[in-house]
1. Given a 10 angstrom Cα cut-off, can you work out which residue in Tyr124, Tyr24, Tyr106 is the most mobile in a GNM of the chain?
2. If you plug each phi of the stretch 131-139 into the Karplus form 6.51 cos²θ - 1.76 cosθ + 1.60 with θ = phi - 60°, what whole-Hz ³J(HN,Hα) values come out, in order, with x for Gly and Pro?
3. Under a Cβ-only charge scheme (Lys and Arg +1, Asp and Glu -1), can you give me the dipole magnitude of the chain about the Cα centre, in debye to the nearest 20?
4. Please compute the Kirkwood hydrodynamic radius over the stretch 1-135, one decimal place, Å, based on all pairs of different Cα atoms.
5. Quick one: which residues, 5+ away or cross-chain, put their amide H under 5 Å from the amide H of Val53? H built at 1.01 Å from N.
6. Give the residues of the stretch 60-85 whose amide nitrogen is closer than 17 Å to a point set 7 Å from the Cα of Ala19 in the direction of its Cβ.
7. Hey, what do the phi angles of the stretch 41-54 turn into as Karplus ³J(HN,Hα) couplings, whole Hz, using 6.51/-1.76/1.60 and θ = phi - 60°, x for Gly and Pro?
8. Report the paramagnetic label zone for Ser10: residues of the stretch 74-99 whose backbone N is under 19 Å from a point 7 Å from Cα along the Cα-to-Cβ axis.
Amino acid sequence: FGSAAGLSRSSAVAMAPTASGNGYWVVTADGQVFNFGDAANFGKTPALSHPIVGAAATPSGAGLWLVARDGGIFGFGDATFYGSTGAIKLNQPIVGMARTPTGAGYWLVAQDGGIFSFGDAGFYGSTGAIKLNKPINGMAALPRPLN
């Protein structure tokens, strides 16, 4: 459907598909959101204190969450705010996010594997207190609940 190459001076850091599969958003570290196919145009985030590191689309495809390195959340369209780590001193920066299958919550993951859950996102443990050989650099969620 298109590419954000050459459209921004900032690196692309995240991508999220629309519900239909006929479009996607490409997000840059400075908060620009490029839409392709049937992805809605949400524009750019307000002034950022920290770079964007991840994104997740709502189940309807009519909304998008962005997460910054400090865990600050930016919601567009029908993306409801369920909380953030923006006001918490983190041991390591946030590096990714994933939404729950219902879209009524999301998880954030830090570089040390610390997990932060909001809305209907369950907490099942983390590696925040374990010394890892390599840092965590992203996350994904199952498309539907296990049960």
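Read-outs throughout are calculated quantities, based only on the coordinates presented, and are distinct from any laboratory measurement. What you see is a predicted model, and the numbers here were worked out from it, not measured in a lab. Cβ sites come from the backbone with ideal geometry, for glycine too, and all protein chains shown count toward neighbours.
1. Tyr124
2. Going residue by residue, I get 6, 8, 5, 9, x, 6, 10, x, 7 Hz, with x marking Gly and Pro.
3. 300
4. Values: mean 1/r = 0.0664 Å⁻¹.
When all Cα pairs of the stretch 1-135 are included, the Kirkwood radius is 15.1 Å.
5. Val67, Ala68, Arg69
6. Once the point is set 7 Å along Cα→Cβ of Ala19, 60-65, 76-81 turn out to lie under 17 Å by backbone N, inside the stretch 60-85.
7. 8, 9, x, 10, 5, x, 3, 9, 8, 9, x, 6, 10, x
8. What the label zone holds, given the 19 Å backbone N cut-off, is 74-77, 85-87, 93-98.
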